[in-house]
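Before any comments, here is the structure.
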Amino acid sequence: RIWGGEFLLADWRGFTRYAHLREVPMPGGAAAIRRPARMALGLLAGIDSSLLGHPGAEGLLARLAEGERDVMLTMIDRGLNSPLTSSMGRLFDAVAAILGVRLDADYEGQAAIELEAIADPDARGSYEFRLNGSGPVVVDPEPVLRELLDDVAAGVPAPAISSRFHRAVVGAIVRVARGASAETGSPDVALAGGVFLNRLVLAGAVRGLTAAGLRPLTHKRLPTNDGAVSYGQAVAAWARRDEV
């Protein structure tokens, strides 16, 4: 499994996985990063294969290469080179492909960047993730995906759909953080990872968390994404060895 979309309860010595995005298959593994259309197929098939027959998915399926759909679905069905991932970045990739924003990426994150760029700030409405279970909580995109496909089928412009999707992500971050804070008593919420390079998500999360009475912590001197991972590993190694 490839982690991502994580909500961690952590100190310098360790962590507990409090919540994560629902896992879906990545057909072709790393190849799905370079081709968001594959990731979109994995998302639809992984959430509910009947969604492949939704009118809102017709555009995506029509853009696939000849035979690509059948090959990818066979790989998913047999568990062949289709690792499960809870990555938020891959969810953004899949949504971008469904909307026709980006089917192939020249670099990692391109689809998500372009999805952010087209978002209409004046569009109204939002989708909403479902939160399932506990230990860990699973942040389920199924209701988001169904409403998004309905909007595509109804001819809602991609910029409006992008805006509603971004708001849904922000809403999930705030809801999960509120639940974690209620359990732990801590108001501190550290915002880290590639998704927070997205200005709409970062700004929305800061506003939402602050309005909820929580204290969002953001990066100042270190990069918010993987560039700070080695620094964090060094801190954790030091904290396990020395008194903090």
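The values are calculated or read from the model by the stated rules, or taken from the named source; none is laboratory data. Every value quoted in this text rests on a predicted model; they were computed, and no experiment measured them. All Cβ positions, glycine included, derive from the backbone under ideal geometry; neighbour counts span all protein chains shown. To get the accessible areas, we keep the full protein, side chains included, count just its heavy atoms, and leave off ligands, DNA and RNA. Shrake-Rupley method; radii C 1.70, N 1.55, O 1.52, S 1.80 Å.
Restricting segment 1-24 to residues that are open to solvent by less than 50 Å² (accessible area, probe 1.4 Å) and outside any strand (DSSP E or B), the residue that is modelled with the lowest pLDDT is Gly14. I need the full set of residues from segment 201-233 which are open to solvent by 60 Å² or more (accessible area, probe 1.4 Å), assigned to a helix (DSSP H, G or I) and under 15 Å from Ala10 (Cβ atoms), in order please. Val229, Tyr231, Gln233, listed by residue number. Only a single item in (1) free of Cβ contacts under 8 Å to residues at least 12 places away in the same chain; (2) of a type outside the set (Ser, Thr, Tyr); (3) under 13 Å from Pro27 (Cα atoms) is not met by Ala62, and it is number (3). Within segment 155-179, the set of residues being out of contact with any Lys or Arg (no Cβ under 9 Å at 6 or more places or on another chain), among the charged types (D, E, K, R) and surrounded by 20 or more Cβ atoms within 10 Å (Cβ to Cβ) comprises Arg167 only. The single condition from (1) over 17 Å from Gly4 (Cβ atoms); (2) modelled with pLDDT of 95 or more; (3) not hydroxyl-bearing (Ser, Thr, Tyr) that Gly79 fails is (2).
Scanning segment 105-137 for residues that are within 30 Å of Glu183 (Cβ to Cβ) and in contact with a His (Cβ under 7 Å, 6 or more places away or on another chain) yields a count of 1.
The set of residues from segment 210-244 being closer than 24 Å to Ser163 by Cβ and out of contact with any Leu (no Cβ under 8 Å at 6 or more places or on another chain) comprises Thr210, Ala211, Ala212, Leu214. Listed by position, the helices (runs of 4 or more DSSP H) contained in segment 85-154 that have at least 1 residues being open to solvent by 60 Å² or more (accessible area, probe 1.4 Å) and within 23 Å of His54 (Cβ to Cβ) are 142-153.
Pairing residues of segment 33-55 that are farther than 17 Å from Asn81 by Cβ and open to solvent by 40 Å² or more (accessible area, probe 1.4 Å) with residues that are assigned to a helix (DSSP H, G or I) and of a type outside the set (Phe, Trp, Tyr), at Cβ distances under 6 Å and at least 6 apart in sequence or on separate chains, gives Pro55/Ala153. Within the span defined as segment 2-22, one or more residues are under 18 Å from the mean Cα position of the chain (by Cα), without any contact (Cβ under 8 Å) to a residue 40 or more places away in the chain and within 21 Å of Val170 (Cβ to Cβ). Among residues of segment 150-172 that are closer than 16 Å to Asp93 by Cα and touching a residue at least 60 places away in the same chain (Cβ under 8 Å), those with a beta-carbon under 9 Å from a residue that is among the charged types (D, E, K, R) and open to solvent by less than 40 Å² (accessible area, probe 1.4 Å) at least six positions away or on a different chain give the pairs Ile161/Asp151; Ser162/Glu116. Filtering Ala190, Ala182 for residues that are under 19 Å from the mean Cα position of the chain (by Cα) and open to solvent by 50 Å² or more (accessible area, probe 1.4 Å) leaves a single hit, Ala190.
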